[in-house]
Amino acid sequence: YSPFQGIVVEKLISVGEWVNTGSGVAQIAKDDFIDIISNIPNKEARSLEIGSVVGVEIEGVSFEGKIEAVLPKGDPATRTFPVKISLKNSNRFLEGMESKVSLPKNSKKEAFLIPRDAVVNFMGKNVIFFVSDNKANPMPIEIDGYSGKDVITTTSTLKDGMQIVVQGQERLRPDSTVNIANKKAQD
């Protein structure tokens with residue numbers, strides 16, 4: 001007998017085969033609840049609370065799911081951590097379907113929106129170049145998220161009104177001379 005009701009998705013043995021004690025005979029999928037695994041940036045993953053309710057959208061329909069676990073082993077390349085979200089299955093969901101998860105907002109923060117094109121990888125860091133006295137100056141930034149074609153950052157060294165380079169910054173080095181081609185475009 002299975003420890004729970006579900007559907008046999010894979011038979012591991014055939015009729016008449018010998019089976020050792022404790023060996024699997026079938027793989028069973030529980031279909032009354034589904035688990036959604038969503039990779040979340042480390043800053044947000046650390047602030048999530050087990051048991052809190054999050055919004056989940058599947059095929060354009062919104063549902064509410066519950067955070068079951070934040071798995072402690074992340075992906076070093078993307079700096080994201082798997083978060084397990086449980087959702088009641090209304091016989092609509094299948095393994096491998098796409099879902100969108102809306103995380104709770106803890107608090108409001110002031111942040112800057114910078115065009116994604118302005119961010120370059122310079123010496124292994126995310127950097128933007130800002131212009132001061134017609135010279136290019138690199139500034140490391142931490143990316144907090146994305147909004148359309150913009151990067152969201154709360155980097156404290158970034159100030160309102162700074163001129164940043166959006167085109168041609170791949171060729172810049174610190175203290176490179178910068179000529180502003182179109183004054184109207186910077187406004």
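Things to note:
- Stretching the chain fully between Val15 and Tyr146 yields a gain of 41.8 nm (0.36 nm per residue, less the alpha carbon separation).
- Its relative contact order, with pairs defined as Cα atoms under 8 Å and 6+ residues apart, puts the range 1-62 at 29 percent.
- In this label model, Asn126 and Ala181 are separated by 2.6 nm, measuring between points 7 Å along each Cα→Cβ vector.
- Dipole magnitude for the chain: about 580 debye, using +1 per Lys or Arg Cβ and -1 per Asp or Glu Cβ, origin at the Cα centre.
- Accessible area of the chain belonging to carbon and sulfur atoms, whole % at 1.4 Å probe: 50 percent
- Solvent-accessible area per residue in the range 56-165 equals 68 Å², computed with a 1.4 angstrom probe and all protein chains kept.
- Centroid-to-centroid separation of the range 3-36 and the range 56-125 [C-alpha atoms, Å]: 30 Å
- Listed residue pairs exceeding 32 Å between alpha carbons, taken from Lys84/Lys159; Lys30/Lys149; Lys73/Lys159; Lys73/Lys135; Lys84/Lys149: Lys84/Lys159; Lys30/Lys149; Lys73/Lys159; Lys73/Lys135
- Exposed-site-free run, longest, the chain (rule: trypsin sites (Lys or Arg not before Pro); DSSP loop; at most 15 other C-beta within 10 Å): 31-72
- Using a cutoff of 8 angstrom between alpha carbon atoms and counting only pairs six or more residues apart, the relative contact order for the chain works out to 15 percent.
The values are calculated or read from the model by the stated rules, or taken from the named source; none is laboratory data. For clarity, every value in this text was computed on a predicted model and none was experimentally measured. FYI the Cβ positions are ideal-geometry reconstructions off the backbone, even for glycines, and counts take in every protein chain you see. Accessible surface is based on the protein model in full, side chains and every heavy atom, while ligands, DNA and RNA are left aside. Shrake-Rupley method; radii C 1.70, N 1.55, O 1.52, S 1.80 Å.
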